[in-house]
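**Student:** Please find one structure pasted underneath; my questions will follow.
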Amino acid sequence: MAEHNNLGRKGEELAKQYLESAGYEILDQNWRFGKAEVDLIAYQHKTIIFVEVKTRTGNAFGEPEDFVDTEKQALLVSAADEFIELMDFNGEARFDIIAILFDKQGNYRLNHIQNAFWPDPY
């Protein structure tokens with residue numbers, strides 16, 4: 001398996017552990033709809049949270065969260081809409097990013113960005 005895939009899986013597992021320790025219930029992981037994949041779908045305080053996890057080993061080209069571009073956001077929104085419809089959910093929803101940056105020694109910094117973006121209604 002490619003090294004970047006291993007890094008991504010490691011980041012997703014760290015993000016999942018972080019969310020669970022913060023009291024979130026994990027509803028699903030790597031949920032797919034069409035071309036979109038939602039890394040983690042969590043639930044807390046009557047809110048469904050769609051989480052994109054970005055893991056990097058350096059920030060020379062930007063912080064991990066900088067790589068969630070508008071195209072990725074649109075894919076996440078379409079997947080979230082489908083998930084909400086399938087679950088017949090009528091509560092609040094939000095989109096978070098968990099950015100994980102590893103250093104050369106294997107230490108990492110985790111940045112949880114709540115309400116990282118919201119779909120443009122137009």
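The values are calculated or read from the model by the stated rules, or taken from the named source; none is laboratory data. Remember, it's a predicted structure, so these values are computed and weren't measured experimentally. With ideal geometry, Cβ positions are generated from the backbone for all residues, glycine too; neighbour counts draw on all protein chains shown.
**Student:** What residue, among those in region 39-64 that are of a type in the set (A, V, I, L, M, F, W, C) and over 18 Å from Ala93 (Cα atoms), is surrounded by the most Cβ atoms within 10 Å (Cβ to Cβ)? Give the steps one after another, and end with the answer.
**Tutor:** As a first pass, look at region 39-64 and keep what is of a type in the set (A, V, I, L, M, F, W, C): 40-42, 48-51, 53, 60-61.
After this cut, where a residue has to be over 18 Å from Ala93 (Cα atoms) as well, the list is 60-61.
Values: Ala60: 6, Phe61: 8.
Checked region 39-64; the qualifying residue surrounded by the most Cβ atoms within 10 Å (Cβ to Cβ) is Phe61.
**Student:** Looking at this structure, is Glu20 exposed (fewer than 14 other Cβ atoms within 10 Å of the Cβ) and within 23 Å of Glu92 (Cα to Cα)?
**Tutor:** Values: exposed (fewer than 14 other Cβ atoms within 10 Å of the Cβ): yes; within 23 Å of Glu92 (Cα to Cα): yes.
Judged against the criteria, Glu20 is a match.
**Student:** Are there any pairs, at least 6 apart or on different chains, whose C-beta atoms fall under 7 Å, with the first in region 78-97 and more than 24 Å from Glu65 (Cα to Cα) and the second assigned to a loop (DSSP other than H, G, I, E, B), and if so, which?
**Tutor:** Once the first residue is more than 24 Å from Glu65 (Cα to Cα) and sits in region 78-97, its partners that are assigned to a loop (DSSP other than H, G, I, E, B) give Gly91/Lys46.
**Student:** Let me ask you something else. Test each condition in (1) surrounded by fewer than 18 Cβ atoms within 10 Å (Cβ to Cβ); (2) aromatic (Phe, Trp, Tyr); (3) under 10 Å from the mean Cα position of the chain (by Cα) for Phe67 and report the one that comes out false.
**Tutor:** Evaluating Phe67 over (1) surrounded by fewer than 18 Cβ atoms within 10 Å (Cβ to Cβ); (2) aromatic (Phe, Trp, Tyr); (3) under 10 Å from the mean Cα position of the chain (by Cα) leaves (3) as the failure.
**Student:** For region 10-29, name all the residues that are under 12 Å from the mean Cα position of the chain (by Cα), charged (D, E, K, R) and either at pLDDT below 90 or more than 16 Å from Leu101 (Cβ to Cβ) (or both).
**Tutor:** Lys16, Asp28
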